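Values quoted throughout were computed directly from the atomic coordinates according to the rules given, and no laboratory measurement underlies them. Nothing here was measured: the structure is a model prediction, and the numbers come from that model. Note that we place each Cβ from the backbone using ideal geometry, even for glycine, and neighbour counts take in every protein chain shown.
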Amino acid sequence: MHSTLPVQDHPEQQTGPTARRASGGGDAGGRLAALDGLRLCAALMVVAYHYIAFGSGAWDRPSRSLFPTAYLPASYGWLGVQLFFLISGFVICMSCWGKSVEEFAASRVTRLYPAYWFAVLAVAFALRLWPSMGEAPRLKDVAVNLTMLQDPLGVDPVDGVYWTLWIEMRFYLLFALVVHKGLTYRRAVGFCVVWAFAATIAKAADNSTLDQILMPHDCWYFIAGIAFYLMYRFRPNTVLWLITGGCLLAAQHDLLEAQLRAEGHMGHHVPQWPTLALLLVFFLAVAAVALGWTSRLRWRWLAKAGALTYPLYLLHEHLGWLIIKQSHGRVPRYVLLPALVAAMLLAAWLVHRCVERPLAARLKQGLRRAVTEIRCG
């Protein structure tokens, strides 16, 4: 429940909105079950898209004929990525409030890399053993993939889903500029406004360098997520609603262009109105979290499910296609598909428990020592 006590977040904000929860207290610094549930929905949407609608060639017949009922809904599963970006803006702003830029960087490294390193090696190993889904990745490309910088370095990704990670990293780098100065309400709002206008100018200039830095096609989700978190931490106001509403209007235009690219992967056209309807649903869902309407959701299993979404996202695509390729024809498709999703969820849980958590803990200790040395040096 939201606190009714007006708590000032920072001395600079005496004339700004009053905080609805003390800094670092209550839910402000913890997990939100509703966001974890949304993460799980986003991950399962992407999984459905890749297993049913995407033209992977894993099935021996067009999946449209194999899954005539599920095919159309799965054709919109690519939108799960946009939901991830929207949640990311909210969560990153929440998780780094009150942290130094060094702490922010360390938290992102420990969050992103342990599961990613395992996924890169596991997928590369599987593709070398069973190269039935395309050419096995070269060892030098696998090595570059371990840096997570394969996109800017022009190296083929081991798995196609990794393209979103470079977008996330660029968002972190931009947001670090605000964290470095000290994250406050005013600076967060200023960041949202400046980024939105700079991205608009970048798109108008049609400059590839500015596009790489400012991400004019994807920035709207991160900006809206930040504004929604400011609504959650403070009280909603006209400025924040204008930011989120403007992001929604800008995002829907670019999203229809993204649908054309998704249709190229699927090999067929789908109606546009469900894309716009789902985008609106995403914004309304995160708005419900921001307004505190989901505060009663405290199911512990949602937090556990939310922790599985990242390893599930990293592992599911090529490994799932390999299993489909090897098993289809031997296992009925309506048994194979749910069993495969369950197996991927189990694999994600094992990676989270046996790889991600212990490796992240060790990595965090090393980074903390390094941060201490930097501050003392």
Any idea how many residues of the stretch 167-181 are of a type outside the set (D, E, K, R) and without any contact (Cβ under 8 Å) to a residue 12 or more places away in the chain?
-> 1
Keeping to the stretch 284-294, report how many residues are assigned to a helix (DSSP H, G or I) and either small (Gly, Ala, Ser) or in contact with a Cys (Cβ under 7 Å, 6 or more places away or on another chain) (or both).
-> 4
If you go through 297, 302, the only one that is under 21 Å from residue 37 (Cβ atoms), within 18 Å of the chain's Cα centre (by Cα) and of a type in the set (A, V, I, L, M) is 302
Do you know which residues across the stretch 137-146 are of a type outside the set (D, E, K, R) and either touching a residue at least 60 places away in the same chain (Cβ under 8 Å) or surrounded by fewer than 13 Cβ atoms within 10 Å (Cβ to Cβ) (or both)?
-> 139
Of 291, 319, the only residue that is crowded, with 18+ Cβ neighbours inside 10 Å and in contact (Cβ under 8 Å) with a residue 40 or more places away in the chain is 319
Only one of (1) in contact with a Lys or Arg (Cβ under 9 Å, 6 or more places away or on another chain); (2) in a loop (DSSP other than H, G, I, E, B) does not apply to residue 232, and that is (2)
Could you please tell me which pairs satisfy a Cβ distance under 9 Å, a separation of 6+ or placement on different chains, a first residue in the stretch 35-60 that is touching a residue at least 24 places away in the same chain (Cβ under 8 Å), and a second residue that is acidic (Asp, Glu)?
-> 46/317; 47/317; 50/317; 51/317; 54/317; 56/317
Got a number for residues in the stretch 207-256 being in contact with a strand residue (DSSP E or B) (Cβ under 7 Å, 6 or more places away or on another chain) and not charged (D, E, K, R)?
-> 1
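Assess whether residue 297 counts as being touching a helix residue (DSSP H, G or I) at 6+ places or on another chain (Cβ under 8 Å) and not in a helix (DSSP H, G or I).
Criteria met by residue 297.
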Please name all residue pairs, on different chains or six or more residues apart, with Cβ atoms under 9 Å, provided the first residue is in the stretch 342-362 and is over 13 Å from residue 314 (Cα atoms) and the second residue is among the aromatic types (Phe, Trp, Tyr) and in a helix (DSSP H, G or I).
-> 355/117; 355/118; 359/113; 359/117; 359/118; 360/113
Scan the stretch 255-274 and give yes if some residue there is within 30 Å of residue 98 (Cα to Cα) and out of contact with any Phe, Trp or Tyr (no Cβ under 6 Å at 6 or more places or on another chain), otherwise no.
-> no
